[in-house]
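The values are calculated or read from the model by the stated rules, or taken from the named source; none is laboratory data. Just so we're clear, the structure is a prediction, and the values are computed from it rather than from any experiment. As a convention, Cβ positions derive from the backbone with ideal geometry for all residues, glycine included, and neighbour counts pool all protein chains shown. Heavy atoms of the whole protein, side chains included, go into the accessibility calculation; ligands, DNA and RNA do not. Shrake-Rupley method; radii C 1.70, N 1.55, O 1.52, S 1.80 Å.
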Amino acid sequence: MAGKDASSSETKKKDASSSVTKKKEPKSSAAKGKKEVKKETGLGLSYKKDENFGEWYSEVVVNGEMIEYYDISGCYILRPWAMSIWEVMQTFFDAEIKKMKIKNCYFPLFVSSGVLQKEKEHIEGFAPEVAWVTKSGDSDLEMPIAIRPTSETVMYPYFSKWIRGHRDLPLKLNQWCNVVRWEFSNPTPFIRSREFLWQEGHTAFATKEEADAEQKQIPRNSGAVFFLCYFQVLDILELYRRIYEEFLAVPVIKGKKSEHEKFAGGLYTTTVEAFVPNTGRGVQGATSHCLGQNFAKMFEINFENEKGEKAMAWQNSWAYTTRTIGVMIMVHGDDKGVVLPPKVASVQVIVVPVPYKDANTQGIFDACAATVKSLEEAGIRAEADYRDNYSPGWKYSHWELKGVPLRIEIGPKDLANNQVRAVQRDNSAKIDIPMADLTERVKEMLNNIQQNLFDIAKQKRDACIHVVHTWEEFVEALGQKKMVLAPWCDEEEVEKDVKTRTKGEMGAAKSLCTPFEQPELPEGTKCFASGKPAKKWTYWGRSY
């Protein structure tokens, strides 16, 4: 496989582009010549989020049992605690796209070099990241085989085969799979990895009449073939917004990528952009692309329309990845560890027995079991920690490190008063709850935690947004780790010049997105970078 593993040098460097220090990738047991022993007794984090974000993040994803480092640099083991979050999002998204009549499928992982090279502009955008299989056993392959970095070139030859007439459209497919992009620039768990999980949707459309039906009767003079693609792009983007804001409690900005930053080979790209205040960096959260007819032309996705005429399909593609989990950790995590929003936590409530000497231990354990049973019957994901080789205090720290939203403690006093003590992970608030009110109060607390996490994250994000009008103001805001909103002339050469002029140790700034919700742009407003007439407001900043 092409892409020589450079773990020894790669993982010792601090990631200047992402402000995340890479933890040294562990060597294999064979390389060390001895078995590694995992230390089980240490709890808590060595680094503080505000003081050393990179080391804090590297530590929290491991100690919080989200990932484990693998012996190939840039690849990570997703532990059950992380996979359960992915499954919650997958369940939601899969149900929503099925309402849109989108069907799941699966295409092979491998791509022939001939097919991969067919769409030149597209593959040039991925060329440095493509991994190649060049050998089978000891034999060289006659033709190297690529491992998919994305699946347009994998799927579209078969779209061409399956789409012959207008009755074959629309074709709406999605696949849940992994892709490989052989990152060389300092991989970061969840954020930049060489292999990651995602869903990728690929759809093809035909006629104005279909668009009218699909989009709830768009007026017939509206160019509906284009609008069908446009509205589906935005429908999917709204689902991505909901994943971030309603499930992960992370605020995002919906907008459009610049021509320079759009998906290679596409007509235009829409995005949900997140922001990490601690590092002053934007994160492309998920994208939904209108491909136009470029790929249809390259792969001959033609069909006979209702008039018997040859026509060309319009296409969209869209995806979100396990990067979502990393963004959640970066935004909500604290010096105690991961902080999980209740909607994605596989364990929403952990029940901890607190028996003292001479206490009715069995009675406390029975109360814990009854509490878990009541919560589960109410649809709340709850577990109890009965381990007798750890103290209650150790358990508190353990579950705080893993980010469980709510802890319930039951001790002798609680047993005597027929109550429990509830402790919130997000703000450490404590409250005693009568058993009679347990399920309703816990539901209320979980809802409040979910909303509170979003509200606080939005307040912090909004405090980092800085409006500027001049280059001097822009540079100052960038130095303060702000997300900058500036008037722009919308010229690609000016955008490239901004990147060139801001290169430095922290990485260059670039356009993040042009928000759909545009502030008023007074007549005569000048571009912050060129002094030419501004056409729009655009977010700028450094990014992961």
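Could you figure out which of (1) surrounded by 14 or more Cβ atoms within 10 Å (Cβ to Cβ); (2) within 33 Å of the chain's Cα centre (by Cα) isn't true of Glu377?
Going through the list (1) surrounded by 14 or more Cβ atoms within 10 Å (Cβ to Cβ); (2) within 33 Å of the chain's Cα centre (by Cα), Glu377 breaks only (1).
Please verify whether segment 145-161 includes one or more residues that are open to solvent by 20 Å² or more (accessible area, probe 1.4 Å), farther than 30 Å from Ile329 by Cβ, assigned to a strand (DSSP E or B) and in contact (Cβ under 8 Å) with a residue 12 or more places away in the chain.
Checked against the condition, which is being open to solvent by 20 Å² or more (accessible area, probe 1.4 Å), farther than 30 Å from Ile329 by Cβ, assigned to a strand (DSSP E or B) and in contact (Cβ under 8 Å) with a residue 12 or more places away in the chain, segment 145-161 yields at least one hit.
Here is a yes/no grid of residues against (1) open to solvent by less than 50 Å² (accessible area, probe 1.4 Å); (2) under 24 Å from Asn278 (Cβ atoms); (3) touching a helix residue (DSSP H, G or I) at 6+ places or on another chain (Cβ under 9 Å):
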residue	(1), (2), (3)
His466	no, yes, yes
Pro487	yes, no, no
Val494	yes, no, no
Asp497	no, no, no
Thr502	yes, yes, yes
Pro515	yes, yes, no
Lys532	no, no, yes
Trp540	yes, yes, yes
Ser543	yes, yes, no
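Which of the residues spanning segment 304-335 are within 19 Å of the chain's Cα centre (by Cα), open to solvent by less than 10 Å² (accessible area, probe 1.4 Å) and of a type in the set (Gly, Ala, Ser)?
Ser317, Gly326, Gly333
Mind checking which strands (runs of 3 or more DSSP E) fall wholly inside segment 429-497 and carry at least 2 residues that are closer than 22 Å to Val252 by Cβ and at pLDDT 95 or above?
Filter on segment 429-497 gives 465-467, 483-488.
Would you be able to say whether some residue in segment 166-174 is over 27 Å from Glu304 (Cα atoms), in contact (Cβ under 8 Å) with a residue 24 or more places away in the chain and within 19 Å of the chain's Cα centre (by Cα)?
The answer is no; no qualifying residue exists.
Pick out, from segment 260-344, the strands (runs of 3 or more DSSP E) lying fully within it that include 3 or more residues that are in contact with a helix residue (DSSP H, G or I) (Cβ under 8 Å, 6 or more places away or on another chain) and in contact (Cβ under 8 Å) with a residue 12 or more places away in the chain.
268-276, 281-292, 302-304, 314-321
State the number of residues belonging to segment 338-374 that are closer than 28 Å to Met89 by Cβ and exposed (fewer than 15 other Cβ atoms within 10 Å of the Cβ).
Qualifying residue count for the region: 1.
Checking Glu409 against (1) of a type outside the set (A, V, I, L, M); (2) surrounded by 14 or more Cβ atoms within 10 Å (Cβ to Cβ); (3) closer than 20 Å to Trp81 by Cα, which test does it fail?
Unmet for Glu409, out of (1) of a type outside the set (A, V, I, L, M); (2) surrounded by 14 or more Cβ atoms within 10 Å (Cβ to Cβ); (3) closer than 20 Å to Trp81 by Cα: (3).
For segment 345-368, which positions are assigned to a helix (DSSP H, G or I) and more than 29 Å from Asn452 (Cα to Cα)?
Thr361, Gln362, Gly363, Ile364, Phe365, Asp366, Ala367
Residues that are open to solvent by less than 30 Å² (accessible area, probe 1.4 Å), charged (D, E, K, R), in contact with a strand residue (DSSP E or B) (Cβ under 9 Å, 6 or more places away or on another chain) and over 18 Å from Val60 (Cβ atoms): does segment 415-436 have at least one?
No, segment 415-436 contains no residue that is open to solvent by less than 30 Å² (accessible area, probe 1.4 Å), charged (D, E, K, R), in contact with a strand residue (DSSP E or B) (Cβ under 9 Å, 6 or more places away or on another chain) and over 18 Å from Val60 (Cβ atoms).
Report yes if Lys101 is open to solvent by 20 Å² or more (accessible area, probe 1.4 Å), touching a strand residue (DSSP E or B) at 6+ places or on another chain (Cβ under 8 Å) and part of a strand (DSSP E or B), otherwise no.
No, not satisfied.
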